[in-house]
1. Compute the Cα gyration tensor for chain B, then decide on rounded, prolate or oblate, letting a ≥ b ≥ c be the square roots of its eigenvalues: rounded whenever a/c is under 1.5, prolate when a/b is larger than b/c in the other cases, and oblate in all that remain.
2. Got a sec to turn the phi values of region B:166-171 into Karplus ³J(HN,Hα) couplings, 6.51 cos²θ - 1.76 cosθ + 1.60 with θ = phi - 60°, whole Hz, x for Gly and Pro?
3. Along region B:138-150, what does the Karplus equation 6.51 cos²θ - 1.76 cosθ + 1.60 (θ = phi - 60°) give for ³J(HN,Hα), rounded to whole Hz, x for Gly and Pro?
4. Which one, B:Val39, B:Phe72, B:Val28, projects farthest toward the positive side of the charge dipole computed for region B:2-103 from Cβ point charges (K/R +1, D/E -1)?
5. Label region B:149-202 by shape, choosing from rounded, prolate and oblate, from the square roots a ≥ b ≥ c of the eigenvalues of the Cα gyration tensor; if a/c is under 1.5 it is rounded, and otherwise prolate applies when a/b is larger than b/c, oblate when it is not.
6. So, in nm, how far is label B:Thr140 from label B:Glu101 when the simple model puts each one 7 Å beyond its Cα toward the Cβ?
7. Using the Cα centre as the reference, give the magnitude of the dipole from point charges on the C-beta atoms of chain B (Lys, Arg: +1; Asp, Glu: -1; all else neutral), rounded to the nearest 20 debye.
8. So if each residue of separation counts as 0.36 nm, and I subtract the Cα-Cα distance between B:Lys239 and B:Asn112, what length gain in nm does that give?
Amino acid sequence: MEQINYNYKGAINNLSKIMQQETFHKPLIFCGKKSFENIKPIIEKELKRVWGGGI
Amino acid sequence: MYGGGEFNSLYYNNFACNPNIKEITEAVKIIQNRGKYDVIIAVGGGSVIDFAKAWRLFSKSDLKLIAIPTTFGTGSESTQFAVLYKDGKKMSLDEKSILPEYAVIDSNFALNSPQYLKACTAMDAFCQAIESFWAVNSTTESMDFAIKSISLCRDNIIEFVNTNNETAAENMALASNLAGKAINISRTTASHALSYSITTKYGIPHGHAVALSIKNLYQANSQVSDFDLLDIRGIDYVKQKFITLNNLLINENYFDTLFDKIHLETNISKLGISDINYIANNVNIDRLSNNPRKLDKNLLYSLFNS
Ligand SMILES: [Zn+2]
């Protein structure tokens, strides 16, 4: 198991790093009901930043 | 369930806290055309990460899993277990293949969470580390993870629960991750074994349910004798562990002060828990047999304060 980031800042930066490194761009995301509203825009924004306008 | 538009992502949140088999089965059915996705991301507390692990197993998916915990207690991002419920009973998946390939840890998620949630999750990490340390199946490696986690919990839990101090949150996130690594090797013991029916029958959150018996379990286990020892490494070996814990200033009195300072009620009558018999009868036998001391029914009853 690869463990990323022990400075505990910027989960999203680290997620991006993994996505880029592995060229993932079609995630299936499981999230809690409560965190959904907060998390979706962050991940979408990040996907956009990493992959530009489209794939 | 929501599609993610131009990026072909899918968000799935159709399950409750402490997910059950039905919800998993449904998710396996609903999330069709799995070839559409190239990675699984789980963002949330232990339940969410466990749900993603179970989904991956049951749908025989070979996608990699990135776990992003937003609470710090179960250490689910570093274990090969997933807890699911079936007809109110806890089931534990224990499969090497469900260990996430990646864990992204950001303690900022824990800042500003409600105090009670922080107390429950932190106590889960703390109890996992302590139970792992004395577990029959502990190894040199698991004990090393456990001791590091115990020291971090001891030094940070009170500040973590009561303030938004960033360092305390970082240290508790690390403590939780280490405790997960420890129990991934050793498994847990009696406090966890008793906790599952408390959660299902009385709705007490996992970390709180586990904490209810840890103080008396500590006392009971430290009085282990040749007569009721379950660890084949011998009585001296096990007694030495309690000397080590004592040297870390972890002892019976420690817990009273701790529960006070993190505002956690441990009197079961006050929590509305009345049927200890039911809890003792539904104890998880597997985890109980991993406890260093053999505990009979009377000893199990004595683990709770009422
Ligand atoms: Zn636990």
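The values are calculated or read from the model by the stated rules, or taken from the named source; none is laboratory data. Remember, predicted model here, so these are calculated numbers, not experimental data. Cβ coordinates were reconstructed from backbone atoms using ideal geometry, including for glycine residues, and neighbour counts include every protein chain displayed. The accessibility values were calculated without ligands, DNA or RNA, using every heavy atom of the protein model including side chains. Shrake-Rupley method; radii C 1.70, N 1.55, O 1.52, S 1.80 Å.
1. Because a/c hits 1.5 or more and a/b exceeds b/c, chain B counts as prolate.
2. Values, residue by residue: 5, 5, 4, 5, 4, 5 Hz.
3. 5, 10, 4, 5, 5, 5, 5, 4, 5, 4, 4, 5, 4
4. The residue sitting farthest along the positive end of the dipole is B:Val28.
5. Oblate, since a/c reaches 1.5 and b/c is not below a/b.
6. Each label point is offset 7 Å from its Cα along the Cβ direction, giving 3.2 nm.
7. That gives a dipole near 660 debye.
8. Taking B:Lys239 through B:Asn112 to full extension adds about 41.7 nm, to one decimal.
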